[in-house]
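A.B. asks: Let me give you the structure first, and then I'll get to my questions.
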Amino acid sequence: MHVARTVSELHALTSKKKHIGFVPTMGALHDGHLSLIHIAQQKSDMVVASIFVNKTQFAAHEDLATYPRQEQTDLELLEANGTDIVYLPSDELMYPDGFSTSIDIGPIGSWLEGQPRPHFFGGVCLIVTKLLMQVMPTIAVFGEKDYQQLLIIQKLVRELNIPTSIIGGPILRDADGLAMSSRNQYLNKKQRAIAPSLFACLTNLSNTIDLSNYHQQLTQHQAKLIEAGFDSVDYLELRDADTLEPINDTTEHYRLLGAARLDNTRLIDNLMCLGN
Ligand code: PAF
């Protein structure tokens, strides 16, 4: 496995390959990330993973300073899972002094995750655009756990004509249903025991949802999350799976999405919903 820290180092390693598969990460890797590497391997002839904790997607009060960093372990995991190149750009390379470009993806960036985190998708779009322009992959794989992020990145590459296919990787879960996330390591024992209720709630809703009366069901399930021990629920929503708009008569696919907090840790999850 090769490590590249600059764009020219990266291009020296990738220039002879036709089909590059790319998995961007912020490190603190878990099996969910590694499953994305395996998807990229099947669809390309060289896999590049990046590790970069992107400051523009964190607000001042969020966990940038404490975001888990474990570069050596991450490199070992990537190598053991057949990654060809790890790209480790510096903050100075990505955001040199005087940097002022921004990307606004439009209204979809202010819904759901964008409500409590208005800066978030602008920062994600900016760094993903930069990474895609630098790595120039044929495909890039993003986890479906960040479902809104996945749809937004698909929209971004479509609208900016970036020649990369964006592929979603299924959510990986612990045995009790908790979606794997780097932030799960913030949970203490008691919180970890409460955390799977978010997936249980989405599963229950997905099995019982009545599309003619779902608002009431969502409200009841929000209350169930609080009863289960969550400190607050940011949202629990049923949306059009293709656009993330509220559902209407033309909706073909449905997605349940939720975000809830255990003290300072915010967990998100989502599930396809067939609808009754
Ligand atoms: O999902 C993530 O880990 C990040 O948002 C991403 C896509 C690597 C951009 O920093």
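The values are calculated or read from the model by the stated rules, or taken from the named source; none is laboratory data. All values derive from a computational prediction rather than experimental measurement. A quick note on method: Cβ atoms are made from the backbone with ideal geometry, for glycine too, and the neighbour counts reach across all protein chains shown.
A.B. asks: Write out, first by first residue and then by second, each pair whose Cβ atoms fall under 6 Å of each other, whose residues are 6+ apart or on separate chains, and whose first residue, in region 39-60, is modelled with pLDDT of 95 or more while the second is among the hydroxyl-bearing types (Ser, Thr, Tyr).
C.D. replies: So the pair list comes out as Val47/Thr83; Val48/Tyr87; Ala49/Thr83; Ser50/Tyr87; Ile51/Thr25; Val53/Tyr67.
A.B. asks: Further question on the same structure: Given the structure, is Gly21 of a type in the set (Gly, Ala, Ser), crowded, with 21+ Cβ neighbours inside 10 Å, away from the ligand (no atom under 14 Å from the Cβ) and within 23 Å of Lys145 (Cα to Cα)? Before you say what the answer is, go through the steps one by one.
C.D. replies: Working: of a type in the set (Gly, Ala, Ser): yes; crowded, with 21+ Cβ neighbours inside 10 Å: yes; away from the ligand (no atom under 14 Å from the Cβ): yes; within 23 Å of Lys145 (Cα to Cα): yes.
For Gly21, the condition - of a type in the set (Gly, Ala, Ser), crowded, with 21+ Cβ neighbours inside 10 Å, away from the ligand (no atom under 14 Å from the Cβ) and within 23 Å of Lys145 (Cα to Cα) - is met.
A.B. asks: Hey, another quick one. Looking only at residues in region 252-266 that are touching a Lys or Arg at 6+ places or on another chain (Cβ under 7 Å) and closer than 15 Å to Ser197 by Cβ, which one is surrounded by the fewest Cβ atoms within 10 Å (Cβ to Cβ)?
C.D. replies: First, pick out the residues of region 252-266 that are touching a Lys or Arg at 6+ places or on another chain (Cβ under 7 Å): 255, 257, 259, 265.
Adding the requirement that they be closer than 15 Å to Ser197 by Cβ leaves 259, 265.
Values: Ala259: 22, Thr265: 19.
For region 252-266, the residue satisfying everything is Thr265.
A.B. asks: Among the residues of region 57-92 satisfying the criterion of being among the hydroxyl-bearing types (Ser, Thr, Tyr) and within 20 Å of Val7 (Cα to Cα), which is nearest to the ligand (Cβ to nearest atom)? Explain how you work it out, then say what you get.
C.D. replies: Start the filter on region 57-92 by keeping residues that are among the hydroxyl-bearing types (Ser, Thr, Tyr), which leaves 66-67, 73, 83, 87, 90.
Now drop any that are not within 20 Å of Val7 (Cα to Cα), which leaves 83, 87, 90.
Details: Thr83: 15, Tyr87: 11, Ser90: 15 Å.
Among those that are among the hydroxyl-bearing types (Ser, Thr, Tyr) and within 20 Å of Val7 (Cα to Cα), it is Tyr87.
Each row is one residue, and each column tells you yes or no for (1) part of a loop (DSSP other than H, G, I, E, B); (2) away from the ligand (no atom under 16 Å from the Cβ); (3) surrounded by fewer than 21 Cβ atoms within 10 Å (Cβ to Cβ).
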position: Lys155; (1), (2), (3): no, no, yes
position: Arg183; (1), (2), (3): no, no, yes
position: Leu198; (1), (2), (3): no, yes, no
position: Cys201; (1), (2), (3): no, yes, no
position: Gln222; (1), (2), (3): no, yes, yes
position: Phe230; (1), (2), (3): yes, yes, no
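A.B. asks: Kindly provide the set of residues from region 1-56 that are assigned to a helix (DSSP H, G or I), of a type in the set (Gly, Ala, Ser) and over 15 Å from the mean Cα position of the chain (by Cα), ordered by number. So that I can check it myself, show each step before the final result.
C.D. replies: At the first step, the residues of region 1-56 found to be assigned to a helix (DSSP H, G or I) are 7-14, 31-42, 55-56.
Retained after the next criterion (residues that are of a type in the set (Gly, Ala, Ser)): 8, 12, 32, 35, 40.
If the condition is that a residue be assigned to a helix (DSSP H, G or I), of a type in the set (Gly, Ala, Ser) and over 15 Å from the mean Cα position of the chain (by Cα), then Ser8, Ala12, Ala40 are the ones that fit.
A.B. asks: Further question on the same structure: For Glu71, all conditions in the list (1) surrounded by 14 or more Cβ atoms within 10 Å (Cβ to Cβ); (2) of a type outside the set (Ser, Thr, Tyr); (3) in contact (Cβ under 8 Å) with a residue 40 or more places away in the chain hold save one; what is the number of the exception?
C.D. replies: Going through the list (1) surrounded by 14 or more Cβ atoms within 10 Å (Cβ to Cβ); (2) of a type outside the set (Ser, Thr, Tyr); (3) in contact (Cβ under 8 Å) with a residue 40 or more places away in the chain, Glu71 breaks only (1).
A.B. asks: Please find, among Leu112, Leu132, Leu126, Leu150, the residue that is within 11 Å of the ligand (Cβ to nearest atom) and farther than 24 Å from Ile39 by Cβ.
C.D. replies: Numbers: Leu112 fails: within 11 Å of the ligand (Cβ to nearest atom); Leu132 fails: farther than 24 Å from Ile39 by Cβ; Leu150 fails: farther than 24 Å from Ile39 by Cβ.
Going through Leu112, Leu132, Leu126, Leu150 in turn, the sole match is Leu126.
A.B. asks: Filter region 252-276 for residues that are touching a Gly at 6+ places or on another chain (Cβ under 8 Å) and among the charged types (D, E, K, R) and give the result.
C.D. replies: Hit for region 252-276 is Asp269, nothing else.
A.B. asks: Still on this structure, I have one more. Kindly indicate whether Gly177 is in a loop (DSSP other than H, G, I, E, B) and touching a helix residue (DSSP H, G or I) at 6+ places or on another chain (Cβ under 6 Å).
C.D. replies: Against the criterion (in a loop (DSSP other than H, G, I, E, B) and touching a helix residue (DSSP H, G or I) at 6+ places or on another chain (Cβ under 6 Å)), Gly177 qualifies.
A.B. asks: Also: Quick check: is even one residue across region 98-109 in a helix (DSSP H, G or I) and touching a residue at least 24 places away in the same chain (Cβ under 8 Å)?
C.D. replies: yes
A.B. asks: Looking only at residues that are of a type outside the set (Val, Ile, Thr) and more than 16 Å from Val135 (Cα to Cα) in region 161-174, which one is surrounded by the fewest Cβ atoms within 10 Å (Cβ to Cβ)? Talk me through it step by step, then tell me what you get.
C.D. replies: At the first step, the residues of region 161-174 found to be of a type outside the set (Val, Ile, Thr) are 161, 163, 165, 168-170, 172-174.
Pick out the ones that are also more than 16 Å from Val135 (Cα to Cα) and you get 168-170, 172-174.
Working: Gly168: 18, Gly169: 20, Pro170: 12, Leu172: 18, Arg173: 16, Asp174: 15.
Per the criteria, the residue is Pro170.
A.B. asks: Within region 135-147, how many residues are within 11 Å of the ligand (Cβ to nearest atom) and part of a strand (DSSP E or B)?
C.D. replies: Looking only at that region, the number is 4.
A.B. asks: A follow-up question, please. Restrict the check to region 233-251 and report whether at least one residue is in contact (Cβ under 8 Å) with a residue 60 or more places away in the chain, in a loop (DSSP other than H, G, I, E, B) and in contact with a Gly (Cβ under 7 Å, 6 or more places away or on another chain).
C.D. replies: The answer is no; no qualifying residue exists.
A.B. asks: Which of the residues belonging to region 232-251 are under 20 Å from Asn213 (Cβ atoms) and surrounded by fewer than 14 Cβ atoms within 10 Å (Cβ to Cβ)?
C.D. replies: Residues satisfying the conditions are Glu245, Pro246, Asn248, Asp249, Thr250.
A.B. asks: Taking region 40-54 on its own, how many of its residues are surrounded by 20 or more Cβ atoms within 10 Å (Cβ to Cβ) and within 16 Å of the ligand (Cβ to nearest atom)? Reasoning before the result, please.
C.D. replies: Step one: of region 40-54, the residues surrounded by 20 or more Cβ atoms within 10 Å (Cβ to Cβ) are 40, 44, 46-51, 54.
Retained after the next criterion (residues that are within 16 Å of the ligand (Cβ to nearest atom)): 40, 47-51, 54.
Residues meeting the conditions: 7.
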